[in-house]
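These notes are about the structure you will find just below.
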Amino acid sequence: MIQDIHSHSYYSFCGNDDPSVMVETAIAAGIEVYGICDHNYGICYGRRSIFKCDSEIPEEDYEKTLIRYYDHISLLREKYKDSIRLLCGVEVCTSLLRSRVALPRQTDISFFDYCLIENVDLFENSVTGGDLIGYAKSLGCPAGVAHTDLFKFIQKRGDDPYDYLCRMADAGIFWEMNVNYDATHRYIEHQYVKDFFASEEQQELVRRSGLRLSVGFDCHRASEYLGERVINACQKLEEIKIPTVNFVR
């Protein structure tokens, strides 16, 4: 299954295009399962002027904007159902280094198809405090770890890699292979992805643990999309017999 579950639309401050443009670009590239997962703060504050103002928006209004976003992507899911399987996700920021970016506690995102969690490796500067598994369970929807060197994260925690991967698998948490290569990310590839595909030891630990992986280009502009990188990563995972997440709820 060729999947790309990490993309951004104009709902993210860093995104550029209408979600329908992103979907049509994925269809043209031969993607079979596609996920749009805009940043929580982009969705909920909507405009930079609101994001930067001093006052907080009420939690009930924050959640309403998430529902409106989900409804929009769901309409596109129906529109393109004969061409692609479309998922609606949200990328959850956990950083405490900038104000108003982290997903507020108690925010309901349980209705999303999935979420991608970023900044988990900040530890004391992340709302997770380094407790990825506990935080993921609290979100109520399938959760994955975005653009993170998971083995380095586990080493920093001081845990046994195999034991920790098993705990992640048991909790239904998946790990993203982020294959971006575009001007948005200054054409810098993620070293952890290269390391994983070159390391039989890491691959064997993941296989034995039952941890599922995901693939995402992390696209912010449709004009920069390189679907062949996604397809190549998905095929590599199939070759080494490591399954991708399937989002059966």
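The values are calculated or read from the model by the stated rules, or taken from the named source; none is laboratory data. Since this is a predicted model, take the numbers as computed values, not measurements. Cβ placement follows ideal geometry from the backbone for every residue including glycine, while neighbour counts extend to all protein chains displayed. For accessibility, only protein heavy atoms count, side chains too; no ligands or nucleic acids. Shrake-Rupley method; radii C 1.70, N 1.55, O 1.52, S 1.80 Å.
A few notes on this one:
- Residues of the stretch 106-115 that turn out to be under 23 Å from ASN246 (Cβ atoms) and open to solvent by 10 Å² or more (accessible area, probe 1.4 Å), as a count: 3
- Top-ranked residue in the stretch 30-48 [being open to solvent by less than 20 Å² (accessible area, probe 1.4 Å) and within 12 Å of LEU103 (Cα to Cα); ranked as farthest from the chain's Cα centre (by Cα)]: TYR45
- Count of residues meeting criterion [open to solvent by 60 Å² or more (accessible area, probe 1.4 Å), in contact with a helix residue (DSSP H, G or I) (Cβ under 6 Å, 6 or more places away or on another chain) and closer than 21 Å to ALA146 by Cβ] in the stretch 74-105: 2
- Only residues that are closer than 17 Å to TYR69 by Cα and surrounded by 21 or more Cβ atoms within 10 Å (Cβ to Cβ) were counted across the stretch 1-29, and they come to 10.
- Once the stretch 81-112 is narrowed to residues that are under 22 Å from ALA29 (Cβ atoms) and without any contact (Cβ under 8 Å) to a residue 60 or more places away in the chain, the residue that is nearest to the chain's Cα centre (by Cα) is CYS88.
- Identity of the residue in the stretch 116-131, open to solvent by 50 Å² or more (accessible area, probe 1.4 Å) and in contact with a Phe, Trp or Tyr (Cβ under 9 Å, 6 or more places away or on another chain), that ends up nearest to GLN203 (Cα to Cα): ASP121
- Check on GLY134, open to solvent by less than 70 Å² (accessible area, probe 1.4 Å) and not in a helix (DSSP H, G or I): no
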